[in-house]
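The values are calculated or read from the model by the stated rules, or taken from the named source; none is laboratory data. What you see is a predicted model; the values in this text were computed from it and never measured. Ideal geometry is used to build each Cβ from the backbone, glycine not excepted, and the neighbour counts take in all protein chains shown. Side chains are part of the model used for accessible areas, which takes the heavy atoms of the whole protein and leaves out ligands, DNA and RNA. Shrake-Rupley method; radii C 1.70, N 1.55, O 1.52, S 1.80 Å.
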Amino acid sequence: MASSGFSWTLPDHPKLPKGKTVALVVLDGWGEANADKYNCIHVAQTPVMDSLKNGAPERWRLVKAHGTAVGLPSEDDMGNSEVGHNALGAGRIFAQGAKLVDLALASGKIYDGEGFNYIKECFDKGTLHLIGLLSDGGVHSRLDQVQLLLKGASERGAKRIRVHILTDGRDVLDGSSVGFVETLESDLSQLRDKGIDAQIASGGGRMYVTMDRYENDWDVVKRGWDAQVLGEAPYKFQNAVEAVKTLRAETKASDQYLPPFVIVDESGKSVGPVVDGDAVVTFNFRADRMVMLAKALEYADFDKFDRVRVPKIRYAGMLQYDGELKLPSHYLVSPPEIERTSGEYLVKNGVRTFACSETVKFGHVTFFWNGNRSGYFDETKEEYVEIPSDIGITFNVKPNMKALEIAEKARDAILSGKFDQVRVNLPNGDMVGHTGDIEATVVACKAADEAVKIILDAIEQVGGIYLVTADHGNAEDMVKRNKSGQPLLDKNGGIQILTSHTLQPVPVAIGGPGLHPGVKFRSDIQTPGLANVAATVMNFHGFEAPADYEPTLIEVVDN
């Protein structure tokens, strides 16, 4: 874990005093984007955040919350709440997503984990099904990872393997799917030469089969279910390369929109339906377009479409796709093991901590903040409060969510004098933003701003310090755009709503009566990100961060 000279004792900051109450506010899904009518943060009445941005520009800056700044492989990878809070709490950048899978495959660690051992139980008598995007685009999956997984599983007892492919043409050139299928067929042929019954069993284009997201269109998932699980599709072929070539030519569909097909034997019978006793792995590492299929595969109580037949299987994701829903419950690659988080350091240096959010983000200010670790570091110095989220409705129905209740709990904790750090997550911008309801998201942003005011007013009363930031963008851009930034329109001339996270930077605002007047943001950090926040917060508590942490965002200038 650490070298022989390791100590939990943090050095004192030479210029910043201890003993100030620090409020740490995370506005979930609150990025910075150009001001237009699709920027709900701009449209909403947000006088508090506006005052932080415009009132003291030297104490407001932007940081990166996506891509390599949070441990994801490329700058095309949008951040999410899990990796964002990992970075905020850990103060360092840990491999996430595809990087994590690469490391697990390279070391062989993937085959020693609970997830692989769980599906391995089916290898002797059942079939191993691999479902995912066949592409080297590196956004949702990568062909080389699938090839390594096939090799590793076959070497560890998988006797019968079926691959259910989704063609890309979105993150890679349209038409390139033919080459990917040919490569996969070659690999499967080599496995067959070794006595392993390995075949492609079904396929379809990613935007038409399986890979919908945010519960936009369950028919997409149903088409995949019918082909992959039931072995039924409108098109039947004996060869997958022929299937892709023929469907592209005859239906004029691009790779993204190929209709579902199944591979059949000479008698016309599907070669690879999923049946009792089988194992299923969804091999995409990116979560957003796998969550819906994961629900269909895992949930006993499922009503989004008629599954017709629900086989008793062992299912694992490449990763866990939703940390809040704990979905899926089994996965091949575990989250990064993050030790020595800022929360643990501060508690061990006597900083009494209060953390609060509502259910949908409670784990983010506790579990993910603390390095994917449950429970308290020292329950005599910590208190975690979860406020139950609304259930049975979509978040746009009550876009205020529990912002007021979270803020009031934080205010009471600050005014009690019992805590040195009070951290909260206000989920409104993200959870309502995901619904695609622009009017409701504007209301959500206003509610979050009002909650920030309650917390900052309490900090004012106790002479404390605040840091307001976000974990990733969402509410600041609610429309899909073309390369020149203009909104994309659907076939009826309406705007195409964006319900996902964004690649936008997020703010960091600091202040409060307890902040040393000489504190200002440094200008020498080239590309600051969320991981720089931890060292900054440690400074506000009067400590220097450990040497291996990302550098603090602030410096103290003698007036």
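Local charge sum around Gly529 (other residues, Cβ-Cβ under 10 Å, Lys/Arg +1, Asp/Glu -1)?
Details: positive: Lys64; negative: Glu550.
After counting each charged neighbour, the total is 0.
At 222 nm, what helix-only mean residue ellipticity would the chain give, in deg cm²/dmol to the nearest 500, using -39500 (n - 2.57) for each DSSP H run of four or more?
On the way: 16 runs with 168 residues, N = 559.
Mean residue ellipticity, 222 nm, calculated: -9000 deg cm²/dmol.
Could you please report the charge total around Ser189, scoring K, R as +1 and D, E as -1 over all other residues with beta-carbon less than 14 angstrom from its beta-carbon?
Details: positive: Lys151, Arg192, Lys194; negative: Glu182, Glu185, Asp187, Asp193, Asp197.
Once all neighbours under 14 Å are counted, the net charge is -2.
Taking the simple approach of a point 7 Å from Cα along Cα-to-Cβ for both Gln461 and Asp378, what is their distance in nm?
The modelled label-to-label distance comes out at 2.7 nm.
Ordering Asp301, Asp524 by how much accessible area each has at a 1.4 Å probe, largest first, what is the list? Present the calculation step by step, with values, prior to reporting the outcome.
On the way: Asp301 140, Asp524 100 Å².
The most accessible residue leads, giving Asp301, Asp524.
Using a 1.4 angstrom probe on heavy atoms only, work out the carbon and sulfur share of the accessible area of the chain in %.
Details: 10860 of 22350 Å².
Carbon and sulfur together cover 49 percent of it.
Near the amide H of Val280, under 5 Å away, which other amide H atoms are found, from residues 5 or more places off or on another chain, if H is placed in the peptide plane?
Excluding prolines and chain starts, which carry no amide H, the hits are His129, Arg314, Tyr315, Ala316.
Say R0 is 25 Å: what FRET efficiency, to the nearest 0.05, do Ile495 and Ala35 get from their beta-carbon distance?
0.90
If you take every DSSP beta bridge whose two residues both sit in the stretch 96-315, what share of them, in percent to the nearest 5, is antiparallel? Please report the intermediate quantities before stating the final value.
Values: 3 of 27 bridges.
Roughly 10 percent of the DSSP beta bridges within the stretch 96-315 come out antiparallel.
Label-point separation (nm) for Lys483 and Leu62, each offset 7 Å from Cα along Cα-to-Cβ?
2.2
Out of the DSSP beta bridges found with both residues in the chain, what percent are antiparallel (nearest 5)?
On the way: 18 of 68 bridges.
Among the beta bridges of the chain, antiparallel pairing accounts for roughly 25 percent.
Provide the FRET efficiency to the nearest 0.05 for the Lys18-Thr183 pair, computing r from the beta carbons and using R0 = 45 Å. Could the numbers behind the result be given before it?
Details: r = 60 Å, r/R0 = 1.33.
Plugging the Cβ-Cβ distance into 1/(1 + (r/R0)^6) gives 0.15.
Less than 17 Å apart at the alpha-carbon level, and either on another chain or at least 8 residues along: which aspartates and glutamates does that give for Lys418?
Asp378, Glu379, Glu382, Glu383, Glu408, Glu460
Tell me the label-point distance for the pair Lys236, Asp112, using the 7 Å Cα-to-Cβ offset, in nm and rounded to one decimal.
Between Lys236 and Asp112, the simple spin-label model gives 4.7 nm.
Using 0.36 nm times the number of residues separating Arg192 and Asp412, minus their current alpha carbon distance, what extension gain do you get? Before the final figure, lay out the partial values.
Numbers: separation 220, 0.36 × 220 = 79.20 nm, distance 6.61 nm.
So the chain would gain 72.6 nm between Arg192 and Asp412.
To make sure I understand the rule: partners must be lysines, Cα under 22 Å from the Cα of Lys269, and not fewer than 8 residues away in the same chain. Which ones qualify?
Partners found: Lys125, Lys159, Lys222, Lys236, Lys245, Lys312.
Mind listing the long-range amide H neighbours of Asp136? Cut-off is under 5 Å, sequence gap 5 or more, other chains count too, H placed in the peptide plane at 1.01 Å from N.
Leu143
How would the stretch 210-339 be classified by its alpha-carbon gyration tensor: rounded, prolate or oblate, with rounded meaning a/c under 1.5 and the a/b versus b/c comparison settling the rest? Write out the running numbers ahead of the final one.
Numbers: a/c = 1.88, a/b = 1.62, b/c = 1.16.
Since a/c reaches 1.5 and a/b is larger than b/c, the shape of the stretch 210-339 is classed as prolate.
Name the long-range amide H neighbours of Arg423: under 5 Å, sequence gap of 5 or more, or other chain; modelled H, no Pro or chain starts.
Leu24, Phe354, Ala355, Cys356
Enter the accessible area per residue of the chain (Å², integer; probe 1.4 Å; all protein chains in place). Can you show the working numbers first?
Values: 22350 Å² over 559 residues.
Accessible area per residue, the chain: 40 Å².
Taking the Cα of Ser74, stepping 7 Å toward and past its beta carbon, and measuring to each backbone N in the stretch 273-290: which are under 17 Å?
284-289
In whole Hz, what ³J(HN,Hα) sequence does the stretch 377-391 give by Karplus (6.51, -1.76, 1.60; θ = phi - 60°), x for Gly and Pro?
For the stretch 377-391, the Karplus-derived couplings read 7, 8, 5, 6, 10, 10, 9, 10, 10, 9, 9, x, 6, 4, 10 Hz, x marking Gly and Pro.
Any idea what angle helix 81-90 forms with the longest principal axis of the chain, computed on alpha-carbon atoms, 0 to 90 degrees, nearest 10?
Result, in degrees: 50.
Taking all pairs of different Cα atoms in the stretch 96-315, averaging 1/r and flipping that mean, what Kirkwood radius in angstroms comes out? Don't skip to the answer; put the middle values down first.
Numbers: mean 1/r = 0.0582 Å⁻¹.
Answer for the stretch 96-315: a Kirkwood hydrodynamic radius of 17.2 Å.
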